[in-house]
1. So if I check each of Ile339, Ile348, which one is over 22 Å from Cys26 (Cβ atoms) and either touching a Leu at 6+ places or on another chain (Cβ under 7 Å) or part of a helix (DSSP H, G or I) (or both)?
2. With under 30 Å from Leu106 (Cα atoms), without any contact (Cβ under 8 Å) to a residue 40 or more places away in the chain, polar (S, T, N, Q) and assigned to a helix (DSSP H, G or I) as the only criterion, which of Gln233, Gln153, Gln160 stands out?
3. If Ser222 passes every condition in (1) at pLDDT 95 or above; (2) open to solvent by less than 70 Å² (accessible area, probe 1.4 Å); (3) within 30 Å of Ser10 (Cα to Cα) but one, which one does it miss?
4. Any idea how many residues of region 296-330 are free of Cβ contacts under 8 Å to residues at least 40 places away in the same chain, hydroxyl-bearing (Ser, Thr, Tyr) and either buried (at least 16 other Cβ atoms within 10 Å of the Cβ) or within 15 Å of Ser449 (Cα to Cα) (or both)?
5. Being surrounded by fewer than 18 Cβ atoms within 10 Å (Cβ to Cβ) and part of a strand (DSSP E or B) is the filter here; which residues of region 118-150 pass it?
6. Tell me which of these Glu186 doesn't satisfy, since it passes every other one: (1) open to solvent by less than 60 Å² (accessible area, probe 1.4 Å); (2) at pLDDT 95 or above; (3) in a helix (DSSP H, G or I).
7. Can you tell me which residue is modelled with the lowest pLDDT among those in region 106-122 that are more than 22 Å from Lys375 (Cβ to Cβ) and of a type outside the set (Val, Ile, Thr)?
8. Which pairs do you get when a residue that is on the phi < 0 side of the Ramachandran plot, found in region 125-143, comes within reach of a residue that is exposed (fewer than 15 other Cβ atoms within 10 Å of the Cβ) and modelled with pLDDT of 95 or more, reach meaning Cβ atoms under 8 angstrom, with the pair 6+ apart or on two chains?
Amino acid sequence: MNVVFYSTNSNRYSQGKMIFKMNPSCRSQWDELCRKFPLCKFSIVMQRPGMFLFDDDGSDSSYGTSLCFGEKRNNGDNVEYCFIGDNNEKSSSDNASSDVFVEKILSLKPDIAIAVTYWTQPFDWMSLKDSVIAEKLRNKGVRAVCHSSRTSQICFDKWQTHQFLVNHGFSAAKAVYVHHEMFYAERRVNVIQENVYREYVFSQIEKLNYPVVVKDIYGLSSFGMDVVQTFEQAKAVLLSKKNNGDRLVEEFIEGYSFGCEIYGSKGNYFVTRPLINSLNQFGLTSPKQNVKLGPAGVGLASSSQSLSSDFFHLDDLERDMIRLAGLLDFDGIAQVDLIFKDGNWYIIEINSRISGMTQTMAYSLGMSLYELILKSSGVELPGLEDCFKKRDYSCVMNLKFPLLDNQEIQKLMSYDFVKAVNQIENKEAKQLREVGYTEVIFGGKGTLSETMEYLEVLNRDFSSRMVDVFYENAKKLACILECRES
């Protein structure tokens, strides 16, 4: 079977600016996938940087127009990379249009094409482009695994997400939409003396329960969000220079932050148990700082496991997520941000792409990221038929460190309980908080108590590199999952 993975990007790419290092390397993980599924030929059609897919050491020699690597196999060629465009300031967007992607993918004569959609700043919109490519491939008779453009648009636009959730009876925070052009309508129409729309918007925002979150409806994750305590503060944010686009003012639900993922298509869906997230000083999950632990109800003694499952109403959550997947007609991998409060699950956002928890969840399920992407596609291969039926999880933790040197990374990888060490480094960062971070995924032996013992090992052996607040947050999350006071 000829399997083509494709991955797009919308932003200019500066060679050597952002360095993505994965351990185990992408190369070794692709080789392992080839060994596990020898009847398949794998190709990757991508724009740089190809997050999670390609080992980028920051040098120009890392790239070519076509690159093969991997262990020789009896059934054919190795994994092949095909780079589309070069994403620099001089290149044209036409060099990496959806039609260019479709033409290249078709030239590889795929039996199936699988979108590997990731995130980018400032707009979390790559699923839209991948959906367009998938629809064009389907029109050419190629089986493509990717969410529809309808699904991607609903997930991309946070106001559409909110309306969808409310209209279909899901629990969601109350919110008010602020249309930027109408909010400042007098700037473009001189005859206006009184902005009636702005007065109306303020009247609706004043009715919300505080605190509230003010966020960009098209932005990525929690970047650019403001948590405000009063109506006057919300009003000040909207009247400030920071308000440069459409906004959503949403009641802030103070509860436990979780995330779950949904894999599959056409009514055949698998919903993961949720991972719990730590919160920053504003009560938000920060991609660069948060700790992930779990899944909930996993790795505990039988009595505690039952207590945790009942306390978090995990069966109810699974039913809701299956219904959500069916209504949105998911196809591949999707991720849902959740808040658990007073026995209820609230949906905060829906992401029609892989997420920062996907690789962590893959290790919890006992597989690599690439194998999870393949299995989520629904492709029929030996070894894939019962991939999610056993529901065998192990407890894992995703913990952030500052940037580490190669020697420190190799030391981490020498521990048998460390599953992956990934590093994102910004070589042109102007502020310390922008230089990057190292992500360590560990656990995988089964129980929560074992995972917390591994945390203590890392705290002992990397005491000078362990960030105190991350360490303390990890211990708090364990208490919550055990249904104990944190």
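The values are calculated or read from the model by the stated rules, or taken from the named source; none is laboratory data. None of these values were measured; they are calculated from a predicted model. Using ideal geometry, Cβ is built from the backbone for each residue, glycine included, and neighbour counts are taken over all protein chains shown. Note: accessible area is taken over every heavy atom of the protein model, side chains too, but ligands, DNA and RNA are not part of it. Shrake-Rupley method; radii C 1.70, N 1.55, O 1.52, S 1.80 Å.
1. Residue meeting the stated conditions: Ile348.
2. Gln153
3. (1)
4. 3
5. Phe123, Arg143 - these are the residues of region 118-150 that are surrounded by fewer than 18 Cβ atoms within 10 Å (Cβ to Cβ) and part of a strand (DSSP E or B).
6. Failed condition: (2).
7. Taking region 106-122 as the starting set, the residues that turn out to be more than 22 Å from Lys375 (Cβ to Cβ) are 106-107, 109, 120-122.
With of a type outside the set (Val, Ile, Thr) added as a condition, the list becomes 106-107, 109, 121-122.
Numbers: Leu106: 97, Ser107: 96, Lys109: 96, Gln121: 81, Pro122: 85.
By that ranking, first place goes to Gln121.
8. Qualifying pairs under 8 Å: Lys136/Asp99; Arg143/Asp111.
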